[in-house]
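Read the structure below first, then the notes.
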Amino acid sequence: MPHPYPSPQLKPLFDLSATLERFDDLGDTPQGHRMLAVVGQGSGTISGDRVRGQILHGSGGDWLLVRPDGAGQLDVRITIKTDDEALIYMRYEGIAAGAALPRVLAGEAVPPADYYFRTTPYFETGSDKYAWLNKIVAVGVGQVDLSKGWVGYRVYEVG
């Protein structure tokens, strides 16, 4: 007899906003078109009811791969320093896709409703206060404006 599965509930976790220091275009590689976005110094913030802080400069970036099918495959790693000095490693993969993606990557300001930009963040920390992050699944909805060198996400805890 099948058992009913609970429907997942999304709870807002935090908003992430970051300025990109540079966006390096590595060109076509055997895997696809590779680009690297580096977070700028002192430019990244995490703002939520349970987690607030800054993205540490030099702690990571996005190794974006535009695949032959036109979708962007994200590979992001950053370190967050919370307002109370805890360190949290955040990594996520995701997909950016849609007919407007080439315009986004060309630096055009495109409304976020015109493209798909979703991520799956995971967290690691040794902080007792934030240990609960080690045990959750999260999803993020993103937007980017390369003309302003900016990226942002709203991240949700999946309950």
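Exactly one residue out of Glu93, Glu124, Glu108, Glu157 is over 12 Å from the mean Cα position of the chain (by Cα) and farther than 16 Å from Ile46 by Cα, and it is Glu108. Against the definition (of a type in the set (Val, Ile, Thr) and over 24 Å from Ala37 (Cβ atoms)), how does Val151 come out, yes or no? Here the answer is no, as Val151 does not meet what is asked. Filtering region 10-46 to residues that are of a type in the set (Gly, Ala, Ser) and surrounded by fewer than 12 Cβ atoms within 10 Å (Cβ to Cβ) leaves Gly27, Gly42.
Throughout, read-outs are computed from the coordinates displayed, never taken from laboratory work. Predicted model only: the values in this text are computed from it and were never measured. Heads up, the Cβs are rebuilt from the backbone with ideal geometry, glycines too, and the neighbour counts pull from every protein chain shown.
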